[in-house]
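Have a look at the structure below, then the notes.
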Amino acid sequence: MALAKDYQSVMARSNDIQKNALGLDYADFEKSPIAFDYDELMTSTGYTLDEINRIQGLYGVGNTPLLELRNITALARKYAKPGYGARIFVKDEACNASGSFKDRRAACAVAHAKKLGYKGVMAATSGNYGAAVASQAAMQGLKCIIVQECYDSNGVGQPEIVEKARKCEALGAEVVQLTVGPELFYSFLSILEDTGYFNASLYSPFGIAGIDTLGYEIAMQCREKLGKDPDMVVCTTAGGGMVTGTARGLKKAGCDATVVAASIDLTGLSMASDVDFNKKSCTTGHTGFGVPYATDPDHSDVPRSAARPLRYMDRYVTVTQGEVMYTTEMLANLEGLERGPAGNTALAAAFSLAQELPEDAILVVSETEYTGAGKHIQPQLAFAKENGIDVRFGDPKEDKPGTNLILPADPGLMKYKEADITRFRKSLIKKAVKKSGLAPADLTEDDIKFLIAETKTDEAFVKETLAEL
């Protein structure tokens, strides 16, 4: 008997579809409607750091260079007080097989799919992960389908997303492109059910475990090249995987660097809005994903996300689209590195963060990504103008997402904004309790311990927040 394929029926079968598509039963890790055993979920992959490193080494992933940005460091020091201006380094993840750090996730996820005997892999993503999964599927001999949220209701797609679809197809994947809205995960689940493919989710423990090698390499390369650990590592954040995996790897190396998450500030634009969809001029690492996924990690395509950014970040800062585009040009013109906006989001924040650290401090930007076609700032600026966005040079403080795009008139005007991470932590606790249906007084000791770990706080903070409910 054929299964009903209407929206409600498919979504109602979500857990069963996911169980079949991951070879993993998340019920095994549940402790309550709030708490689950995160550490056991990550351990359940069965992959040690050495094994992940071996897998990645087979398929053109990892051991990317750590490059010092001497000229950008010198420029930052011109705007810092005497004796300040940390040395800025970048992990050149564009050297991975498909051109981004997401190859680390994909290599592990696809290898696991092959090990379990799946004939193909799928991923729901409009970003670099699609190209990474397509690349690894081609290398490891599996079929691949990528499902993208690509267009508004007029069929207009952003240059960056369209470019990523081109790359996925070039690497042999079938790409299913959808309009913005709730059809993304419905369509993904429906196709997943029909094909019986493996869900190479961004948020599975296999994908997140693959990023651990990045943080580990950063620590070890700093020790080898510089004789010391990095003082600060800045990670672009959207879904939270970069922050989670990098911080986990740093910890495995015994490194206690300050971990800073950075996003483009798109406050006021709804990522689920057809009207707002094309008012953002680039799709990378923005608060439209960064904040919701930090405060509610489990609204993803798996029952429990392995990306838990608030467990690991020490700070959350934001920059503007104009600052990121300016930084892209700065990196190319001063360092001879033409790279895409993902890593340059963190680099834009790092430029002013470095000015607050002493000259002997080491600041590492955790990634670069490939660029070209729609990922370059010229088509993005042209797209912004076509959508009525006022593009001009000026003070980034005047930035209004969806209205204008301000390129800094001077590099001294670039300045990150500190986001209220305490508010995010409280939001996570309140959302978790609301979703559980439990009264605050009914929370168990396991629930309290879980929320402490989730928010990187303590018992007093959690109980104070629960009292506000």
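Take the residues in region 147-204 that are β-branched (V, I, T) and not in a helix (DSSP H, G or I), then tell me which one is least open to solvent (accessible area, probe 1.4 Å).
The extreme case among them is V147.
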Selection count where residues are free of Cβ contacts under 8 Å to residues at least 24 places away in the same chain, of a type outside the set (D, E) and not in a helix (DSSP H, G or I), scope region 421-469: 1
Matching residues, region 368-419, being within 24 Å of the chain's Cα centre (by Cα), over 23 Å from D276 (Cα atoms) and open to solvent by less than 10 Å² (accessible area, probe 1.4 Å): T368, E369, M414
Answer from R308, R304 - the residue that is open to solvent by 10 Å² or more (accessible area, probe 1.4 Å) and basic (K, R): R304
Selection from region 1-29 of residues that are without any contact (Cβ under 8 Å) to a residue 60 or more places away in the chain and either closer than 29 Å to L214 by Cα or in contact with a His (Cβ under 8 Å, 6 or more places away or on another chain) (or both): K19, D25, D28
Any pair with Cβ under 6 angstrom, 6 or more apart, that starts in region 148-166 at a residue that is at negative phi and ends at one that is of a type in the set (G, A, S) and open to solvent by 50 Å² or more (accessible area, probe 1.4 Å): E163/A373
Options E356, E338; residue that is of a type in the set (D, E, K, R), surrounded by fewer than 24 Cβ atoms within 10 Å (Cβ to Cβ), more than 14 Å from S263 (Cα to Cα) and free of Cβ contacts under 8 Å to residues at least 60 places away in the same chain: E338
Criterion violated by G285 - all others in (1) surrounded by fewer than 24 Cβ atoms within 10 Å (Cβ to Cβ); (2) modelled with pLDDT under 95; (3) at positive phi satisfied: (1)
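Could you check, for region 448-455, whether at least one of its residues is touching an Asp or Glu at 6+ places or on another chain (Cβ under 7 Å), among the β-branched types (V, I, T) and over 30 Å from I218 (Cβ atoms)?
Yes, because at least one residue in region 448-455 is touching an Asp or Glu at 6+ places or on another chain (Cβ under 7 Å), among the β-branched types (V, I, T) and over 30 Å from I218 (Cβ atoms).
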Residue list for region 446-469, filter: within 11 Å of A35 (Cβ to Cβ) and of a type outside the set (G, A, S): D446, D447, I448, K449, F450, L451, I452, E454
Failed item in (1) buried (at least 23 other Cβ atoms within 10 Å of the Cβ); (2) closer than 21 Å to D360 by Cα; (3) not β-branched (V, I, T), with R223 passing the rest: (1)
Any chance I208 is closer than 30 Å to R13 by Cβ, at pLDDT 95 or above and assigned to a helix (DSSP H, G or I): yes
Given (1) open to solvent by 30 Å² or more (accessible area, probe 1.4 Å); (2) over 17 Å from the mean Cα position of the chain (by Cα), number of the condition D314 does not satisfy: (2)
Positions within region 358-386 being out of contact with any Ser or Thr (no Cβ under 7 Å at 6 or more places or on another chain), of a type outside the set (D, E, K, R) and under 27 Å from I211 (Cα atoms), in sequence order: A361, I362, L363, V364, V365, T368, T371, G372, A373, G374, H376
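Can you confirm whether region 65-80 contains a residue that is in a loop (DSSP other than H, G, I, E, B), at positive phi and surrounded by fewer than 18 Cβ atoms within 10 Å (Cβ to Cβ)?
Scanning region 65-80 turns up no residue that is in a loop (DSSP other than H, G, I, E, B), at positive phi and surrounded by fewer than 18 Cβ atoms within 10 Å (Cβ to Cβ).
The values are calculated or read from the model by the stated rules, or taken from the named source; none is laboratory data. All figures in this text were calculated on a predicted structure; none of them were measured in a lab. A quick note on method: Cβ atoms are made from the backbone with ideal geometry, for glycine too, and the neighbour counts reach across all protein chains shown. The protein model used for the area step is the full one, side chains on, heavy atoms only, and it has no ligands, DNA or RNA in it. Shrake-Rupley method; radii C 1.70, N 1.55, O 1.52, S 1.80 Å.
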